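A short reminder: the numbers here are calculations on the coordinates, not readings from a lab. Computed from a prediction, not measured in an experiment: that's the story for all the values here. Here the Cβ positions follow ideal geometry from the backbone for every residue, glycine too, while neighbour counts run over all protein chains shown.
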């Protein structure tokens, strides 16, 4: 019985590509030789296989991470017959330039946890700009951890991390779609992996999560006077009302509608019913916050 290989490209950006690879019935007989045009980082999720790179071979299981430099020829086999599943990460050339890659390295627990988290995210991924930004960042974190285990120079110093994080924060906007990691790294003249790790170390949050929190903080300001939640969601860069609601609830522990109701009730308590008179409500537009009327200023 011939082995069956399923390869699905899940995310492809200028910084990294992510493939999910599943092989059924891999045998002792090596698969046909494949010439690798890109450097690959292989993170096993389940099963095991023998990876042949040139004349050398390595037994790869879930406690290993494998590296395949661009230009090599590879084949796969099994010690008997079996299945395996892995994530194949294809980082951009500049991310691995100058790194002396070994055939394999031990997969530390933090790498295994992150790989499992990335695989879970990929299974439920809704292909939106926000979702792809999160997946890109997780994949680059995974590459960074793998490379840091064989090249300590990939670990930024804390002072440098703080300086870079401050520059990154100055570029980020709470309005519209999140800034892609590759685009932000290019503007800051650093690699995406370096930026990802530096930002997380300095700020304490992943970059994609930080951008989400920025947009949700903007939503907190806009919601009390917002009539059209779908428009607000789109203005903030979410793909839909439901996407906005899910993200808001995951951080704020209530829905946008619930928060808006609570916020308006609080205004009534503090300022009296006239504060939310429907005749004075103005539909929310990002960057256009209605000010008080002259009559209100006179009565203030």
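Each of 6, 67 was scored by other Cβ atoms within 10 Å of its Cβ. Listed from fewest to most, they are 6, 67.
Extension gain for residue 183 to residue 258 (0.36 nm times residue separation, less C-alpha to C-alpha distance): 23.5 nm. Each of 106, 147 was scored by other Cβ atoms within 10 Å of its Cβ. Arranged with the fewest first, they read 106, 147. The order of 97, 197, going from fewest to most other C-beta atoms within 10 Å of their C-beta, is 97, 197. Judged by the gyration tensor of its Cα atoms, with axes a ≥ b ≥ c, the stretch 181-221 is oblate; a/c meets the 1.5 cut and b/c is at least as large as a/b.
Can you give the percent of C-alpha pairs in the stretch 127-258 whose distance is more than 17 Å? Spell out each step's value before the answer.
Details: 5073 of 8646 pairs.
So the pairs more than 17 Å apart make up 59 percent of the total in the stretch 127-258.
In plain terms, the chain from residue 160 to residue 80 could stretch by 23.8 nm, reckoned as 0.36 nm per residue minus the Cα-Cα distance. Rounded to 0.05, the FRET efficiency of the residue 120 and residue 249 pair, given R0 = 22 Å and the Cβ-Cβ distance, is 0.70.
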